[in-house]
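These notes concern the structure reproduced below.
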Amino acid sequence: MNPNNLKYSKNHEWIGLNKEKAYIGITHFAQKELGDIIYLDIDDTVIGTEVQEGNVFGTIEAVKTVSDLFMPVSGNILEINKILLSKPEYINKNPYEKGWILQIKILDIKEYDRLMSFEEYKKYIGE
């Protein structure tokens, strides 16, 4: 996933389209702010469920804090990146490749279209 080709939420999640599926993760900025990520808490029971835009789908824990993970768009959850459940530090190493958290089917493409581009996101975070 190339950061320039992704969309971004105000909650610091990224989303990338791949044909009919989309991948969701947290941004480089978010992982840097969190610090060393030690735990990802997403219940397997979310697979196959519909989660609405803005709702929490799990939490991410770093050495100093725990943060909620928010859905940037409404979607049907297809898969959790199981590697991250045992190796959450991959998010710190590369949040855009090995660091995708969920694979979903987007329910409303208009929600995706409203998200920020990479340039807009950089302005949002003050870079």
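The values are calculated or read from the model by the stated rules, or taken from the named source; none is laboratory data. Please read all numbers here as calculations on a predicted model, not as lab measurements. Here Cβ is always computed from backbone atoms with ideal geometry, including for glycine, and neighbour counts include all displayed protein chains. All accessible areas refer to the heavy atoms of the entire protein, side chains included, with ligands and DNA or RNA removed. Shrake-Rupley method; radii C 1.70, N 1.55, O 1.52, S 1.80 Å.
Some values worked out for this structure:
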{"read-out": "Nitroxide proxy distance, nm - points 7 Å out along Cα→Cβ at residue 76 and residue 47", "value": "1.6"}
{"read-out": "When each of 7/93; 19/93; 10/32; 87/123; 93/122; 64/123 is checked by Cα-Cα distance, pairs over 23 Å", "value": "19/93; 87/123; 64/123"}
{"read-out": "Spread of Cα-to-Cα distances over 10 Å intervals beginning at zero, given as percent, for the stretch 2-72", "value": "18, 50, 30, 2"}
{"read-out": "Compactness of the chain - radius of gyration and Dmax, Cα, Å", "value": "13.3, 37"}
{"read-out": "Residue 114-residue 86 FRET efficiency (beta carbon distance; Förster radius 30 Å; 0.05 resolution)", "value": "0.30"}
{"read-out": "Low-density loop positions, trypsin sites (Lys or Arg not before Pro), the stretch 58-127 - DSSP coil, at most 16 other Cβ in 10 Å", "value": "64, 98, 114"}
{"read-out": "Where the chain is the region considered: accessible area per residue in Å², 1.4 Å probe", "value": "55"}
{"read-out": "Percent accessible area from carbon and sulfur atoms, the chain, protein chains only, probe 1.4 Å", "value": "47"}
{"read-out": "Within the chain, helix-based [θ] at 222 nm, where runs of 4 or more DSSP H residues each add -39,500 (n - 2.57), nearest 500", "value": "-4500 deg cm²/dmol"}
{"read-out": "Relative contact order (%) - criterion: Cα under 8 Å, at least six apart; region: the chain", "value": "32"}
